[in-house]
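Worksheet: the structure to be examined is printed underneath.
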Amino acid sequence: ATDFTTNDCSGNPHHLFSELDAGNVIVISWVMPCGPCATHSFPAYSAVQSYATSHPGRVHFYIADDAISPIYGPCSSLPAWGSSNGMPNSIFFQSADVNMNGYGTSGMPKVVVLGGSSHTIFYNKNDSQINFNEVQSAINNALAAPLAINEQQNSKLGVISFPNPTQNTFTIQSENATL
């Protein structure tokens, strides 16, 4: 995947690799806010929504306009476009930082499914090739992808009390030991 750090149209910051490292699956659909882009993006959106109950908060649908064309209006118009085309539960971006150039063939709409700590591309299709079942399968694979595990050393607290047996006064001494 191609990393980015940018704000969405609501002003919320996003760092793609951090979101993937946290176990999220990100589905990005690049669009020019137009009818054909909505038609071909909708199967991917529907696939993402099918995980809303089984994996709440883990599978996200991003709609991106990386061309930032004034023809299609400001960033604030993308959510209205998404809602009017049946994709209201999306995160909208109008930023050159969310760029499709790192994903092979250009052309809109383009949909990718990204996941795992290795930032793997599980799906990458354009136009009428975008398919609900294929996107859903890619999301399943992304959800099953390994995540980075931070190794931690186990530590053991050693406690010694003396004298043993004792009457009235005793001493407690401790030290951390690493296993």
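The values are calculated or read from the model by the stated rules, or taken from the named source; none is laboratory data. This structure is a prediction, so every number in the text was calculated from the model and none was measured. For neighbour counting, all protein chains shown are included, and Cβ atoms are generated from backbone atoms with ideal geometry for every residue, glycine included. When the accessible area is computed, the model is the full protein with side chains, heavy atoms only, and any ligands, DNA or RNA have been set aside. Shrake-Rupley method; radii C 1.70, N 1.55, O 1.52, S 1.80 Å.
Here is how the numbers come out for the structure above:
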{"quantity": "Accessible area of the range 1-143 divided out per residue, in Å², using a probe of 1.4 angstrom", "calculated": "42"}
{"quantity": "Solvent-accessible ranking of Asp65, Asp127, largest area first, probe 1.4 Å", "calculated": "Asp127, Asp65"}
{"quantity": "Segments 95-108, 131-144 sorted - mean Cβ within 10 Å per residue, highest first", "calculated": "131-144, 95-108"}
{"quantity": "Mean separation of Cα contacts under 8 Å (6+ apart) over length of the range 84-130, as relative contact order %", "calculated": "28"}
{"quantity": "DSSP beta bridge pairing in the range 1-150, given as percent antiparallel to the nearest 5", "calculated": "60"}
{"quantity": "Rg ratio (alpha-carbon, reference 2.2 N^0.38 Å) - the range 76-147", "calculated": "1.20"}
{"quantity": "Separation in nanometres of the label points that stand 7 Å from Cα toward Cβ, at Asn99 and Asn168", "calculated": "8.0"}
{"quantity": "Gyration tensor over alpha-carbon atoms, the range 16-134, equivalent ellipsoid semi-axes in Å", "calculated": "21, 16, 14"}
{"quantity": "The range 54-119 - percent of accessible surface contributed by carbon and sulfur, probe 1.4 Å", "calculated": "55"}
{"quantity": "Relative contact order of the range 1-60, pairs being alpha-carbon contacts under 8 Å that are 6 or more residues apart, as %", "calculated": "28"}
{"quantity": "Distant-in-sequence amide H partners of Tyr123 (H built 1.01 Å from N, under 5 Å)", "calculated": "Val113"}
{"quantity": "By average C-beta atoms within 10 angstrom, highest first, the peptides 20-28, 2-10", "calculated": "20-28, 2-10"}
